[in-house]
Every structure is written in structure tokens, then in C-alpha cells.
1. List the lysines whose Cα sits under 21 Å from the Cα of LYS343, skipping any in the same chain fewer than 8 residues away.
2. Are there trypsin sites (Lys or Arg not before Pro) in the range 1-53 that DSSP puts in a loop and that have at most 10 other Cβ atoms within 10 Å, and which ones?
3. Treating the Cα atoms of the range 218-361 as identical point scatterers in vacuum, please give the log10 of the normalised Debye intensity I(q)/I(0) at q = 0.14, 0.18, 0.20, 0.22 Å⁻¹, two decimals.
4. Can you give the alpha-carbon Rg of the range 103-157 over 2.2 N^0.38 Å, where N counts its residues?
5. Based solely on its DSSP helices, what 222 nm [θ] is calculated for the chain when runs of n ≥ 4 H residues each add -39,500 (n - 2.57) and the sum is averaged over all residues, nearest 500 deg cm²/dmol?
6. If the viscosity is 1.567 mPa s and the temperature 4 °C, what translational diffusion coefficient in µm²/s does Stokes-Einstein give for the range 142-237 when Rh comes from Kirkwood over Cα pairs?
7. Can you give the direction-averaged projected area of the convex hull of the alpha-carbon atoms in the range 135-192, in nm²?
8. Looking only at VAL239, VAL114, VAL164, which one moves most when the chain is put into a Gaussian network model with springs between Cα atoms under 10 Å?
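Just so you know, all these numbers are worked out from the coordinates, no wet-lab data involved. This is a predicted model, so every value here is computed, not measured. Heads up, the Cβs are rebuilt from the backbone with ideal geometry, glycines too, and the neighbour counts pull from every protein chain shown.
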Amino acid sequence: MRSDLMKKGLERAPHRSLFKAMGYTDEELARPLVGVVNSANEIIPGHIYLDLIAQDVKAGIRLAGGTPVEFPVIGVCDGIAMNHEGMKFSLPSRELIMDSIEVMVRAHALDALVLVTNCDKIIPGMAMAALSLNIPTIMISGGPMLAGTTGGKDVDLSNIFEAVGKRAAGLISDEELREIEDITCPTCGSCAGMFTANTMNCMIEALGFALPGNGTIPAVYSARDRLAKEAGRQIMTLVERNIKPRDILTEKAFDNAVAVDMALGGSTNTALHLPALAHAAGLSLTLDRFDEISARTPHLCSMSPGGPHHIQDLYAAGGVQAVMARLVQGGLIDGNSLTVTGKTVAENLEGVVVKDDAVIR
């Protein structure tokens with residue numbers, strides 16, 4: 001095990017002593033040490049509850065015979081940082097996240113990672129670190145926020161931005177603005193439309209770097225807790241089989257992700273983040289490649305803010321896996337790519353069907 005570098009042998013008695021100061025037992029230290037990177041904080045709606053997801057992950061790791069070692073990482077909320085000096089710090093935070101994870105893992109010789117993530121720059125920053133380190137890793141997001149409802153219609157963060165413009169134009173009152181303000185973000189989670197956070201969570205699933213369901217199971221559903229436990233269990237399979245991020249995130253996997261991106265009509269910020277992930281993997285993903293894949297891939301989903309549907313609708317329709325199943329049927333993605341399930345894309349898609357043709361055309 002990698003962690004033997006800092007825990008095994010006569011000379012490592014001081015190291016073991018320091019672990020025992022925190023309550024670790026000899027039995028726990030004999031197992032693989034799995035870093036659980038937790039970006040929980042009290043300023044991002046998609047992160048306010050990630051301590052609960054991390055607890056589920058750690059339970060899964062212990063069930064499968066590993067020892068979880070949790071540590072934190074920062075995060076910026078693009079929505080709260082918007083329209084003031086704060087936005088200058090959002091994209092740079094991605095590299096700080098990447099670097100801080102690398103520092104922790106290399107300094108402490110951890111055997112594997114589970115990345116507990118959500119939101120715009122945190123997802124790619126964590127994934128870039130995993131690709132640079134190239135030790136067994138799985139990602140688990142906190143999942144999307146539910147849409148709000150008013151007048152029989154679903155609303156999300158984009159509606160409050162529109163309402164600000166309407167109020168400035170004198171089309172609605174202060175009271176009407178406040179009503180919209182109070183209902184557009186009704187739960188924790190990443191904002192309910194196909195904005196950058198949810199797009200990137202879907203991309204991580206499409207890349208095969210997270211379990212099926214990662215991109216679309218709502219934050220407040222118990223299925224999200226079960227998925228987190230399964231992610232904790234599955235990391236131990238990846239350790240046993242020595243499956244590493246660069247075994248999964250190949251050129252074909254990136255092509256698959258871009259095709260899913262086009263089918264979903266995802267955030268244009270994928271043109272910032274997917275090439276950065278590819279670079280961290282030692283690969284190249286150009287804008288010309290985006291264009292080439294776009295030219296042959298149909299736009300299957302009409303997601304907010306460009307359309308009427310929200311992530312909860314996509315989840316009910318079968319999620320990212322159903323989109324991928326439809327693309328496989330059309331010969332538009334590669335089914336042979338490996339995923340963190342230990343199976344190929346095609347094997348993951350066995351029995352997957354689209355449940356709502358209005359959401360996934």
C-alpha cells in the first residue's frame with residue numbers, strides 16, 4: 001500500500017503514535033487509508049449539507065474494509081461572488097483546490113480518494129487533483145437543488161435574475177420581487193437548472209468518474225445518501241483492482257462527455273473545465289473537438305435556463321444514463337470505456353431506458 005511509506009516498520013513508530021493520538025487503532029492503520037475530501041461550508045447551498053454526505057461515504061468505506069481519513073477543501077459560490085470583486089476569485093479557486101488536495105495526499109501518502117463535491121469550480125478542481133495524483137479515486141456530488149414552484153410553474157435561480165430586471169423596469173413591485181426571491185432556491189443543493197455545477201456533475205458521471213445517478217439524484221432524496229455509501233464501498237474495489245483515474249478518463253471518455261454535454265445543452269463553462277481536466281490527464285481537448293462532436297450530436301434535452309425542464313425532471317426521466325443509452329443507440333458515444341463501477345459504459349447501460357420522451361427526446 002502507498003500508505004506503508006508512512007505507517008509501516010520500526011522507523012514509523014512515531015507516525016503510528018501520532019495516528020493513535022487521534023484514536024486510530026492498529027487494525028484501522030493496517031487497512032488502506034482513504035482520503036475523504038470534503039468541501040462542506042456554510043456559504044454555498046450545494047455544500048451546506050456535505051458533512052452528511054461525507055459521513056455516508058465514510059460508512060461505506062468502513063463497510064468495505066478501509067479506513068477513511070477526512071480533510072477539507074475551500075469553495076466559492078459563483079452566485080454569491082457574482083457582480084462584485086468576488087468573481088475575480090472564482091476561477092483561481094479551482095487551481096487552489098487542486099493544489100491543496102495534492103499537498104495533502106502527497107504529504108500523507110494516502111492510498112485512495114473519495115471526493116465529496118458540488119458546484120462550479122470545486123468539481124473540476126477536485127477532478128484535476130485526482131488526475132494529477134492518479135491514485136484510485138471516485139467522485140460523489142451533493143446533488144442538485146429542487147426547483148421552486150409558483151403559480152403552477154417551476155422556477156430556479158435564473159428567474160430571480162430575470163425578476164431583478166423586471167423590477168428595475170417597473171414591471172413588478174418590491175413585494176413581487178421578494179416573493180420570487182423567497183421561492184427560487186427552496187432546498188439545499190446545486191442550483192436547479194443546467195448551470196455549470198449540475199453540468200459538471202453530469203460530465204463527471206458521463207466520464208465514468210462517478211457512479212450512475214451522480215449528476216441528477218436530488219440533494220434532498222435519500223437515494224443520494226445511499227449513493228454516497230455505495231461510493232465509499234466502491235472505492236475499495238478500485239483499490240483492490242488498482243483502477244486509477246487515467247485508466248478511466250481517456251480520450252474516448254472525454255469524447256463521450258462532450259457528446260453528453262451537447263445532448264443536454266450544458267453550460268458553456270465546460271469549455272473551461274473539460275480541457276483543464278484533459279490537460280491534467282496528459283491529454284488534449286480542443287475547441288475544434290467540441291465543434292466536431294457538436295456537429296454530429298443532437299440536442300436531446302431542453303433544460304433550464306434555456307428550456308422548461310429542471311434536473312429533477314431529468315432524474316425522473318432516467319438521468320444521465322438514459323441520455324447515454326440514447327446516444328449509444330445512435331452510435332454517438334463509445335460503450336467500451338471503463339468507469340468507476342469497474343464495468344464499461346455499455347455494461348452500465350444494460351436495461352437503462354428513457355422514462356420520459358418529452359424530457360429526453
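1. Filter leaves LYS229, LYS244, LYS252.
2. Working: sites: ARG2, LYS7, LYS8, ARG12, ARG16, LYS20; in loops: ARG2, LYS8.
In loop regions of the range 1-53 (DSSP not H, G, I, E or B), there are no sparsely surrounded trypsin sites (Lys or Arg not before Pro).
3. -0.75, -1.24, -1.44, -1.52
4. On the way: Rg = 16.6 Å, N = 55, 2.2 N^0.38 = 10.1 Å.
In units of the 2.2 N^0.38 Å rule of thumb, it is 1.65.
5. Values: 18 runs with 179 residues, N = 361.
Counting only the DSSP helices, I get -14500 deg cm²/dmol.
6. Details: Rh = 14.9 Å.
Calculated translational D: 87 µm²/s.
7. Numbers: hull surface 20.7 nm².
Value for the range 135-192: 5.2 nm².
8. Residue with maximal mean-square fluctuation among VAL239, VAL114, VAL164: VAL164.
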